[in-house]
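Chemist: Starting off with a structure, shown below.
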Amino acid sequence: MTPSQLLLTTTASAGTLSLLAFLYLANKKNMLHWLPAYFTGLFRKTLNNENPKHIIFCFVDHYEPRWGGVSDMDVERRRVKEWEEKYPDMAHRFVDADGFHPKHSFFFPAEEYEAEHLEVLRRICSQGLGEIEIHLHHDDDTAENLANCLTSFASELHERFGALSVDPRTGELRYAFIHGNWVLDNSGQDGRWCGVNNEITVLRDTGCYADFTFPSAPHPSQPQQINSLYYATDDPALPKSHNRGVPLRVDRPSSGDLMMITGPLTLNWRRRKMGLLPRIENADIRSSNPPTNDRVDAWVNAHIHVEGRPEWVFIKVHTHGAPEREAAMLLGEPIRKMHSYLRDHYNDGGKHALHYVSSREMYNIAKAAEAGNSGNPNDYRDFVLPKPHFRPASSAEVKMTKNSTSEESQPR
């Protein structure tokens, strides 16, 4: 064998081994069913470089004060209080193109209802720093019980805290939803942590305006459809009806039962295992995977948009913000670096404009795009659903929040 032939053989063998390693990882990480959509999406990017790109940034939180099986009310109180003391200071350091500070959408678990925790979150949100939505963990449930749970919790959030939007056309309470354990519409492989095959129908009928659960990769509940805003149509007899759906498109009427607003799911080729295999980028922000600059770029490059409105880029990231280790990251230097990078690279007043939004505002802007609107998405934050009427924070509450922060943490 000549040196050239040996080199070709060695290169081919290395390529084969790399491919086999990638396929092994893909199977292990439950990637095979969504990888075709990922690779197809690489060839469908239609971002118009002649127009400013509007970055519509939404931060959703599976906010669980009892995370980790905590049964100590004092621990729960400390976790929630830390957010009241530190989040306003962090958020006030940054503004978007419209003058808004970062907004946090707190998806609070219905099964962990605690009025005093929600009262703290109300005080945070009443300062324009976020909104409260519905999260739920359930198991072996029925459609009837699920509907009762959702409607009663929605009523409590509205009547006691003014936390939910009221549809001006119907007077109906509207809410966003995140499914605990990822298994929306009974999509768990073992049948656990849901039990309701017609969950999407129940959500629709109880006022849910959109689901914000996904991406869940590498969890097997991850839908096949990725990096998309789409409508799911329920098959009441089968689970995981949201696996595929109809994408939102400009000037096309809505269809299906529930809008799915998904966050970025891609492969980060800048971060490779063994220097070879790309890591899954699933928009999950946690202390073990902080929001680095390359991750922010990956979210933007996923280019989630309403078809026909490519200059409006939707980024939804998620976290579990209540535990101490996660809160330290989300309220400290790592998250400040993320917002600084967003400001410096995606809010330059020319090529990019950054818009911090709540989950409700993201839904409204998506509906505005679907209706054919263009221009500045800031004009459509309340396009369909108005903002909730939180009782405003009193001057004493605002003063208490300000006094609880140290001089070192005051805005610069």
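Chemist: Which pairs break 24 Å Cα to Cα here: K337/K387; K316/K387; K103/K387?
Modeler: K337/K387
Chemist: In whole Å, what is the distance between the alpha-carbon centres of segment 68-137 and segment 280-353?
Modeler: Rounded to whole Å, the Cα centres lie 19 Å apart.
Chemist: Please give every one of the aspartates and glutamates within straight-line cross-link reach of K53, meaning a C-alpha to C-alpha distance under 12 Å, and leave out same-chain neighbours fewer than 8 residues apart.
Modeler: Excluding near neighbours in sequence, the set is E311, D348.
Chemist: How much area per residue is accessible in segment 208-351 when the probe is 1.4 Å and only protein heavy atoms are counted (Å²)?
Modeler: 36 Å²
Chemist: While we're on this one: Taking all protein chains in place and a 1.4 Å probe, what share, in percent, of the accessible surface of segment 204-265 do carbon and sulfur account for?
Modeler: 51 percent
Chemist: Just to check I understand the Karplus step: with θ = phi - 60° and J = 6.51 cos²θ - 1.76 cosθ + 1.60, what whole-Hz values come out for segment 57-72, glycine and proline as x?
Modeler: For segment 57-72, the Karplus-derived couplings read 10, 10, 10, 10, 10, 6, 8, 10, x, 9, 3, x, x, 4, 10, 9 Hz, x marking Gly and Pro.
Chemist: Now for a different question. Using a 1.4 Å probe, how large is the accessible area of Y380, given in Å² and rounded to the nearest 10?
Modeler: That residue has around 40 Å² of solvent-accessible surface.
Chemist: What does the accessible area per residue of segment 95-171 come to in Å², with a 1.4 Å probe and no ligands, DNA or RNA counted?
Modeler: The answer is 37 Å² per residue.
Chemist: Treating the beta-carbon of each Lys and Arg as +1 and of each Asp and Glu as -1, no other charges, what is the dipole magnitude of segment 271-341 about its Cα centre, to the nearest 20 debye?
Modeler: Rounded to the nearest 20 debye, it is 240 debye.
Chemist: Return an integer: the convex hull volume of the alpha-carbon atoms of segment 199-335, in Å³ per residue.
Modeler: Per-residue hull volume (Cα only) is 139 Å³.
Chemist: Turning to a different aspect of this structure: Residue by residue through segment 280-289, which ³J(HN,Hα) values in whole Hz follow from phi under the Karplus form 6.51 cos²θ - 1.76 cosθ + 1.60 (θ = phi - 60°), with glycine and proline marked x?
Modeler: My calculation for segment 280-289 gives 6, 9, 10, 6, 8, 9, 8, 4, 7, 8 Hz in order.
Chemist: OK, next. Hey, got the dipole for segment 223-330? About the Cα centre, +1 on K and R Cβ, -1 on D and E Cβ, debye to the nearest 20?
Modeler: Its charge dipole is roughly 440 debye.
The values are calculated or read from the model by the stated rules, or taken from the named source; none is laboratory data. These numbers come from a predicted model, not from an experiment. Ideal geometry is used to build each Cβ from the backbone, glycine not excepted, and the neighbour counts take in all protein chains shown. Surface areas here come from the heavy atoms of the whole protein model, side chains and all, with no ligands, DNA or RNA. Shrake-Rupley method; radii C 1.70, N 1.55, O 1.52, S 1.80 Å.
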